[in-house]
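See below for the structure under consideration.
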Amino acid sequence: MAAPSSSAGFGGMSSDNAKGLALAVSSSAFIGASFIVKKMGLRRAADSGVRAGYGGYSYLVEPLWWIGMISMIVGEIANFAAYAFAPAILVTPLGALSIIISAALAHSILQEKLHTFGILGCVLCVVGSITIALHAPQERDIDSVREVWDLATEPAFLSYASIVVVAALVLIYFVVPQHGQTNIMVYIGVCSLLGSLTVMSVKALGIALKLTFSGVNQLFYPQTWAFALIVATCVSTQINYLNKGITSPFAYHVEGLLAN
């Protein structure tokens, strides 16, 4: 039996969508701030070791980097919970709000100048996020994580996922070593490609946990653990290349484009 969905809300929005909205916004706040704190930690680590952009891992012993990492984890947990309540079409675009937070903090704390087009981009993020939040569709009820798995294993999506994985591997093994420090699109490409699979898997895992907590146990389905493995693999890879991007010469652009 499907978990009951609540239809009461405010402003024409269901209560589940409202919960997802609140969680997504709080997630953006934590994640946006985490970029700045992590970058401060990476800068400190670079002063005493090899920069992350060149393969160094001295940031792992830098407390400030871990504070930023904890902030990001809190934000990702909130984001994860948001996917359990609201449709991905509502939650994912709201992640763009972290761009505004990162830009504002980078301007005030890191003394990175925010240009006119950057300000315009922030305004567009706000307008777009509000528009999507006001017109987000209602999510259909899901009875089991197996329903999501059936959708994810349809030929069209499998073809897309295969293209994404191959493209990411090509970037990681052939493009990053040669152009990672000179081309803005390399790290962005790796994180964004894998991010598309992360969103789908996080949504599926969120649904599984929501159903489990409501009394419909999904933990004994292998599909649940398959989605969890995909999330762990994609997220760990994204974090690794995000750290490289943050310490690259075009770090400000990477933060903004990857904040979502």
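FYI, it's all coordinate maths here, none of it is from the lab. Treat the numbers as computed from the prediction; the structure is a model and nothing was measured. Glycine also receives a Cβ, built like all others from the backbone with ideal geometry; neighbour counts cover every protein chain displayed.
Quick look at the numbers
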{"read-out": "Separation in nanometres of the label points that stand 7 Å from Cα toward Cβ, at Val165 and Trp66", "value": "3.5"}
{"read-out": "Partner lysines for Lys244 [C-alpha distance under 17 Å; skip if fewer than 8 residues away on the same chain]", "value": "Lys38, Lys39"}
{"read-out": "Karplus (6.51, -1.76, 1.60) ³J(HN,Hα), θ = phi - 60°, over region 154-162, in Hz, Gly and Pro reported as x", "value": "5, x, 5, 6, 4, 5, 4, 4, 5"}
{"read-out": "In sequence order, calculated HN-Hα J values of region 93-108 (Karplus, 6.51, -1.76, 1.60; Hz; x Gly/Pro)", "value": "x, 5, x, 5, 5, 5, 4, 5, 5, 4, 5, 5, 5, 5, 5, 8"}
{"read-out": "Which of Glu147, Glu76 has the fewest Cβ neighbours within 10 Å, and the rest in rising order", "value": "Glu147, Glu76"}
{"read-out": "Whole-Hz ³J(HN,Hα) from phi, Karplus 6.51 cos²θ - 1.76 cosθ + 1.60, for region 18-29, glycine and proline x", "value": "5, 5, x, 4, 4, 5, 5, 5, 5, 4, 4, 5"}
